[in-house]
Amino acid sequence: MPNLADVKAGLRSLEIETPSWAYGNSGTRFKVFPQPGVPRNPYEKISDAAQVHRHTGSAPSVALHIPWDRVDDYSELAAYAKDLGVRIGAINSNVFQDNDYRLGSVTNPDPKIRQKALNHLLECVDIMDVTGSRDLKLWFSDGLNYPGQDDLRDRQDRLAEALHAVYERLGDGQRMLLEYKLFEPAFYATDIPDWGTSYAHCVELGPKATVCIDTGHHAPGTNIEFIVAFLLRAGKLGAFDFNSRFYADDDLMVGSADPFQLFRIMNEIVRADALASGIAFMLDQCHNIEPKIPAVIRSVMNVQEATAKALLVDRDALRAAQQAGDVLGANAVLMDAYNTDVRPLLAELRAESGLHPDPLAAYRASGYFERIVTERAEGQQAGWGA
Ligand code: PSV
Ligand code: MN
């Protein structure tokens, strides 16, 4: 059986990055429901992220999305984060919300628009230089709605050219995370639709380029833990955008739709001893109907619970059963760990770190929500496109 001290050490090493946009208003294309107390600017988003870290002890960084989080002085923003006990994480580029990008950004047939998109990506690296961020996360909505609309292969060439230019601009210690998505907004062909396409571009680029797996970006039924295992073996898994889905890119709280899938993913991470290997465990979620800060806290707890279960897998017994061809025995080892109630263990761990054993109760008791509702009563709430 795994040693309890090792399980606790593994859990202590787990860091989850929360996204600035999870604290702002967001939802579906049908309706975004505004909520009281929502941040009005990136500073207030960082304050909310720091509150999540205060109660969980496991969310020390916050990802930014540019231009949603554009500020005049990024060094001031980074210093503000530091004062609150968190740091700026990945810089997410946004080349999907400008009118110019109707036919694509870096794969657009028009070279002027490609250049505009590239300039934005390079600006994101400038921001990384100032904030000390390690990761540039790239997601492209580029794709086609109709067969024949553009040349599939030319678009790969344009993509490779832009990625190369960004890669060359990265400094020491900076990385590119290349995200894929099967469909939406493009419905016929997406230029980076799957992990294989992302992986191939990353291999061509070099060691600083790695794949980002957004758990909501696959066809239904896709075996995501296989992708995790494959990319870990190849040294090309850079990050996760965690969220849950029932149907498509639902962006619900991670671990809510399929906690067993989250366990299977974390099981591959633990199997590869990759909990603290530099993989960015990020959330990419939209909280439309549920209160945002508690939803992020819940998500962090869900990842912790899945990780605790993965750490409890009896690796020796599993291997022995696998090598003996004991199908049911091997499956039972995994299920025993999954079916363990790890909540007492996590509560104990939090108490040992001086935290309240129940982060959600601690948040409710903190008075933070009442304070932000009052303080943020006036002004324009942040949201998509803000
Ligand atoms: C695209 O669906 C995506 O997953 C990318 O990561 C974007 O940056 C993010 O959502 C925006 O919420
Ligand atoms: Mn994502």
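General observations
- Only residues that are under 20 Å from Ile279 (Cα atoms) and assigned to a loop (DSSP other than H, G, I, E, B) were counted across the stretch 186-205, and they come to 1.
- Leading residue by the ranking (surrounded by the fewest Cβ atoms within 10 Å (Cβ to Cβ)) among those in the stretch 223-267 that are within 16 Å of ligand 1 (Cβ to nearest atom) and of a type in the set (S, T, N, Q): Ser244
- Subset of the stretch 167-189 that is within 19 Å of Asp110 (Cβ to Cβ) and surrounded by 15 or more Cβ atoms within 10 Å (Cβ to Cβ) - its residue that is farthest from ligand 2 (Cβ to nearest atom): Ala189
- Looking at Asp316, Asp341, just one residue is under 26 Å from the mean Cα position of the chain (by Cα) and either part of a helix (DSSP H, G or I) or exposed (fewer than 15 other Cβ atoms within 10 Å of the Cβ) (or both), and that residue is Asp341.
- Candidate set: the stretch 358-386, residues that are in a helix (DSSP H, G or I) and of a type in the set (D, E, K, R); chosen: the one farthest from Tyr43 (Cα to Cα): Arg364
- Of all residues in the stretch 192-212, those that are in contact with a helix residue (DSSP H, G or I) (Cβ under 6 Å, 6 or more places away or on another chain), within 24 Å of Phe246 (Cα to Cα) and not aromatic (Phe, Trp, Tyr) total 2.
- Selected residue (criterion: nearest to ligand 1 (Cβ to nearest atom)) from residues of the stretch 271-297 that are within 29 Å of Ser26 (Cβ to Cβ) and surrounded by fewer than 20 Cβ atoms within 10 Å (Cβ to Cβ): Asn288
- So Ala239, is it within 14 Å of ligand 2 (Cβ to nearest atom), among the hydrophobic types (A, V, I, L, M, F, W, C) and within 19 Å of Asn92 (Cα to Cα): yes
- Top-ranked residue in the stretch 190-210 [being more than 16 Å from ligand 2 (Cβ to nearest atom) and without any contact (Cβ under 8 Å) to a residue 40 or more places away in the chain; ranked as farthest from Pro259 (Cα to Cα)]: Gly206
- Residues (within 13 Å of ligand 1 (Cβ to nearest atom) and surrounded by fewer than 20 Cβ atoms within 10 Å (Cβ to Cβ)) located in the stretch 95-105: Phe96, Gln97
- Filter pass, Phe183 being part of a loop (DSSP other than H, G, I, E, B) and of a type in the set (Phe, Trp, Tyr): yes
- Beta carbons closer than 7 Å, at least 6 apart along the sequence or on distinct chains, pair a first residue in the stretch 361-384 that is modelled with pLDDT of 95 or more with a second that is surrounded by fewer than 16 Cβ atoms within 10 Å (Cβ to Cβ) and part of a loop (DSSP other than H, G, I, E, B) for Val373/Pro36; Gln381/Pro34.
- Contacts under 7 angstrom Cβ, first residue in the stretch 29-42 being in a loop (DSSP other than H, G, I, E, B), partner surrounded by fewer than 13 Cβ atoms within 10 Å (Cβ to Cβ), 6 or more apart: Phe33/Ile289; Arg40/Gly379; Arg40/Gln380
- Among residues of the stretch 110-124 being more than 16 Å from ligand 1 (Cβ to nearest atom) and touching a residue at least 40 places away in the same chain (Cβ under 8 Å), the one that is farthest from Phe281 (Cα to Cα) is Arg114.
- Any hit, the stretch 237-260, residues being in a helix (DSSP H, G or I), closer than 25 Å to Gly57 by Cβ, of a type outside the set (A, V, I, L, M, F, W, C) and in contact (Cβ under 8 Å) with a residue 24 or more places away in the chain: yes
- Number of residues in the stretch 1-28 that are of a type in the set (A, V, I, L, M, F, W, C), surrounded by 23 or more Cβ atoms within 10 Å (Cβ to Cβ) and either modelled with pLDDT under 95 or not in a helix (DSSP H, G or I) (or both): the value is 1.
- Odd one out for His217, checked against (1) part of a helix (DSSP H, G or I); (2) of a type outside the set (Gly, Ala, Ser); (3) crowded, with 22+ Cβ neighbours inside 10 Å: (1)
- Residue check for Thr131: within 15 Å of ligand 1 (Cβ to nearest atom) and polar (S, T, N, Q): no
- Number of residues in the stretch 211-227 that are more than 18 Å from Asp135 (Cβ to Cβ) and either out of contact with any Lys or Arg (no Cβ under 9 Å at 6 or more places or on another chain) or more than 16 Å from ligand 2 (Cβ to nearest atom) (or both) equals 8.
- Only one of the numbered conditions (1) in a helix (DSSP H, G or I); (2) away from ligand 1 (no atom under 16 Å from the Cβ); (3) under 28 Å from Asp73 (Cα atoms); (4) touching a residue at least 40 places away in the same chain (Cβ under 8 Å) is violated by Val166, and that is (2).
The values are calculated or read from the model by the stated rules, or taken from the named source; none is laboratory data. From a predicted model like this one, the values you see are computed outputs, not experimental measurements. Because the Cβ atoms are built from the backbone with ideal geometry, glycine has one as well, and the counts that use them run over all protein chains shown.
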